[in-house]
Structure formats: C-alpha cells, structure tokens
Amino acid sequence: MKVAYGKKVVATQNYIASYVGAKVLENGGNAFDAAIAISATLSVVLPYTSGLGGDGFLLAKTPEGIIAYNGSGWAPKGLNVEKIPSPRHPSTVVVPGLVDLWNFLIERYTSMSTYELLKPAISLATNGFYVSKSLYKAIKNSSNMPESWIKTYGNLNAGDKVKLNEMGQVLKIIAKDPREFYEGKITEEIVSGLRKQGVNVDFSDFANFKGEEVKPLKTTYKDYTLYELPPNTQGISTLQALKLAELSNVNKFPYDDEKRINEHVKIYGIVYSDRNNYIADPRFYPLDVDLLDERYLRNRMKEFRVMIEKMNTQDTTFFVVSDGENEIGFIQSLFFAFGSGIVVKDIPFNNRGFGFTEGRNKPEPRKRPLHTLSILMAEKEDENLIIGCAGGDLRPQIHSQVFEYYADYGLEIDEAIDAPRFMFLGSRIVAEKRLKTKHEQLDYYSPEVGVVQALKSNKKYNIAVADPRSEGIALVAN
C-alpha cells in the first residue's frame, strides 16, 4: 500500500509533488507552505488535471478551528448564452480561482517566502520535466483540441522532456505578488490571449474576482461529525449519501452483496436528483430546502425512482498534508482533461462553465457554476479523517464508499481506499472485478472509480494514503 505513518506526512497523485511537499516540511515549512508548493508543482507536471487556469478548494483543521475556502471562478460579465454549446466551447472558460486560494493562504498562514514555495514548480517549468504515463495518456485521449493546445502539448510522448517557459515566467510574477495574476500587466496579456481564442472576457472579470472563506456544512454519521464544502459545490451530496446510508441501514449487508449495491444506486439517484434541482451559486439562488433533514430524506426514500442522465467522470487532483498540527485537504481542477483546451502562456484554461445546466444553475454573468469539487472531513473523539479524490460527478459516491468501508466495515483508512468500489453512472453500473458482481466489470484497480488521497490523524501519529490506482505516493518528512 502507498501509505506513510508519522507526524509530518503528505500524499498526492504525483511522485514529484509528494517529494516537493515533504522537502518543504523537512525544511521547516508548515502544512500551508507545503500545500502551495505541492499545488504549484501539480499545476506544472499534471497540467491536464489542474493549474493556474483552474480552480481550487481547501478544507483544513488547525488548532484554532476548521478553515474552508472556495476558490471557484465566476463566468465573465460578457457571458450571453442560454446554454453552453459544448464541453470545449470558449464560453466554458470562467475566471480561474486557484491563484486566489494561494493568495489567501500566503496572506494568513504561510511562513516561508512565496518564491521559495514556488521555486520547485518554476524550475520544473523552465528547466523541464519528463512526461509521465498519466500525462501521456491524457494527451493521447484528447481529440478535437484547439491549435494553442496542439502547439504546447499535442506532440508529446511518455518520457519526453518538456519545458513550459511561459508558465514558468507567470509563476515568477505570482511569486512576487499573487494578485498580479488578476490585476497586473500579465492579466492584460492573458485576457488578450483568451479573447483571441473566442473567450468573451475582459480585465475587470479578473480584477474584480476574489474567492471566499466559507462555513463548512456539518452533520453526523453514527458517532462521527462530518464536514463538507457548501454550495456552489456538491459537498452536500456526499453528506446526503451518507445520511441515507445510515437511515436505510444498507451496510448491514456484506460489502459485496448485490442488495447493498442496488440500495446504494437508489441512494445515489436521490442524491443526484436533488443536486441537479437545488445546488447552484448561493449568491444567485440560496439553498432553500434542508436536504439533510431526516424527515425529508425518509420521504425521498419512499417516493424516488432512479432516473438520472449520464454523469461526467473528469480530471481533478487532490492531496493531503499535515505538519503535525495543521491538517489540510486541497483539491484543484480544470474539469475535463486540459479543461477547455485553450492554452495561453502554456497554461490550459478550465472549461468549468460546462457545469452550468438550467434552472437555478443556468448560465449567468459573474455566476459560479455548480461545482463538482468537494472534500470530506470526519471527526470522532481524538480521531480526524480527510478524504478527497479525482472523480468529477462521481465524487459523492467515492467519498461515501471509502468512508463507509472505514466506519462500517472496520477497515483502516488505507484498506478502505484499497477496497473495491462500484459506481452508478446514470445509465449503467460499473464495478472493479474484485467485487465479483453481475454488473459491468472494470479492471481490478481502475481509476474509473476515482483516485483517492486521505489523511487520518490521532494523538499518536498521522497516516497519509495515496490511491494505488494512480502514480501518486505518500511520504513522511523527518
């Protein structure tokens, strides 16, 4: 298993990023320092999952309390469509929020200079890094991409050394002042590059943008207290899934029992139906239904029939880090692989606007779309868990299944991540072969059921876990 025990630990989806984070901790940095260094490194070496052109969220436990931050971007004020035409259309690009999240942490929590934190990523971008198998696979599987993407990424093969000099220059500017990304000369150049490729964005869309510190959602599961990120994220969907599992007592069955799987499909149908009907940017449409109320959930179980359209399983990356005092879950994303495919200064820009649908979540200027990113935290006495993953729409299923393995089936957190998972995809159900169900079978370890990283802490030690379904690793810092 990819697991590390210690006080200072880190687990990411990429071996270089895990190494960078561990070195920051070893050099005296705190978990927030390590988080920025990891985030920037992932932005360079896994550019199909996330980066400067995408969003970020944080959920952290500190001695002073829990911190939650929503760094998801808004649509340009010039957005004027009733429906987003296609996943790679220029109208899918929203103002990216990841660098704003970095700025929030730098202003309040980091202890090292920003340049030192970004130095590994700058070096990787300007001096070059080798294309991993996962990056090559993402490139190979991408089609109908814009010319700017083809020029930057389209001809790379596994093992090639690639330099992203312009991205490195942008990182150097951010190292001096992260707000320069939103209201500096580099902003003008980025906006110009986006506009030339059809994105109806202007300088003020960047300059006026800021993410926000938010209050996490809170509920219980048996003797655990659970936390998740609030709307515009689908964090409440994870909490709904777990409350429904608790109320239905579905985990009285063996983990691989067909009855358990089928009952979960019903649970997930309820969860996604409610998500699609109610979750949107609360600045436009505040949530006006208590989706976690027990009476409401019991009634939903009686009345609901599964009717859900196909769901997206897209690229994201999540990591955990602890310095022995602060425990961080950090997730960042472009949405689809390489986002919109539109590249400016070697930076792929998101297609998060494809998350707009209709009703409350219809496209509107300066609005944030329903966001698939979320992070689960669970507390019990002196024990704390942080669980996150890559998985798109499937994230509530992935979070809840891993947590249920841990809470209901007595597995340690690394065993819970290793355990076989199934996924309800709307039109069908798939499962890893180890489950031995009648449903469509995937490989024994398939990234199609999500790539999870997790952190468990108690008074004695921390455990960081990287999913065996990825090229990531967990490391301890001395």
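For the reader, a short list of remarks on this structure follows.
- For the pair the range 63-139 and the range 388-426, the centres of their Cα atoms are 26 angstrom apart.
- Estimated distance in nm for a label pair at residue 7 and residue 133, the labels positioned 7 Å out from Cα along Cα-to-Cβ: 3.7 nm
- Fewest-first ordering of 399, 89 by other beta carbons within 10 Å of each residue's beta carbon gives 89, 399.
- Across all directions, the shadow cast by the convex hull of the chain built on its C-alpha atoms averages 19.9 square nanometres.
- Per-selection Kirkwood Rh - the range 149-208 (Cα, Å, 1 d.p.): 13.1 Å
- For the range 102-249, averaging the sequence separation of C-alpha pairs within contact (under 8 Å, six or more residues apart) and dividing by the residue count gives a relative contact order of 17 percent.
- When Rg and the Kirkwood radius Rh are both evaluated on Cα atoms of the range 413-478, their ratio Rg/Rh stands at 1.08.
- Straight-distance candidates among the aspartates and glutamates for linking to residue 172, with alpha-carbon spacing under 17 Å and chain neighbours fewer than 8 residues away dropped: 33, 100, 116, 180, 183, 188, 189, 346.
- In a DSSP loop and with at most 13 other Cβ atoms within 10 Å, the trypsin sites (Lys or Arg not before Pro) in the range 373-478 are 428, 436, 438, 459, 460.
- FRET efficiency, residue 273 to residue 249 (Cβ-Cβ, R0 25 Å, nearest 0.05): 0.70
- In straight-distance terms, cross-link reach from residue 460 covers every one of the aspartates and glutamates whose alpha-carbon lies under 14 Å from its own, apart from those fewer than eight places away in the same chain; here that gives 323, 325, 381, 382, 383.
- Under 11 Å from the residue 358 label point (7 Å along Cα→beta-carbon), backbone N, the range 61-105: 83
- Debye log10 I(q)/I(0) at q = 0.09, 0.13, 0.14 Å⁻¹ for the range 321-468, Cα point scatterers: -0.36, -0.72, -0.81
- Rel. contact order, % - alpha carbon contacts under 8 angstrom, at least six apart, the range 46-157: 25 percent
- Note on the chain: helix-only mean residue ellipticity at 222 nm, from DSSP H runs of 4+ residues weighted -39500 (n - 2.57) and normalised by residue number, equals -10000 deg cm²/dmol.
- Normalised by the number of residues in the chain, the average gap of Cα pairs under 8 Å and 6 or more apart makes the relative contact order 27 percent.
- Square roots of 5 times each gyration tensor eigenvalue, C-alpha, the range 1-78, largest first, Å: 25, 18, 11
- The equivalent ellipsoid that matches the C-alpha gyration tensor of the range 77-195 spans semi-axes of 26, 23, 13 angstrom, in descending order.
- Among the listed pairs 137/266; 7/163; 151/185; 7/266, those with a Cα-Cα distance over 31 Å are 137/266; 7/163; 7/266.
- Violating pairs (Cα-Cα greater than 26 angstrom) within the set 61/367; 210/456; 61/362; 23/345; 8/433; 243/380: 61/367; 210/456; 61/362; 23/345; 8/433
- Computing Rg and the Kirkwood Rh from the Cα coordinates of the range 1-136 gives a ratio, Rg/Rh, of 1.01.
- Here is the list for the range 17-99: GluC sites (Glu not before Pro) lying in DSSP coil, each with at most 12 other C-beta atoms within 10 angstrom of its C-beta, are 64, 82.
- Net lengthening on full extension, residue 80/residue 192 (0.36 nm per residue, minus Cα-Cα): 38.4 nm
- Spherically averaged projected area of the range 144-296 from its Cα convex hull (nm²): 15.1 nm²
Laboratory data are not the source of any read-out in this text; all were calculated from the coordinates shown. Keep in mind that what you see is a predicted model, and the values were worked out from it rather than measured. Please note: Cβ atoms are built from the backbone with ideal geometry, for glycine as well, and neighbour counts cover all protein chains shown.
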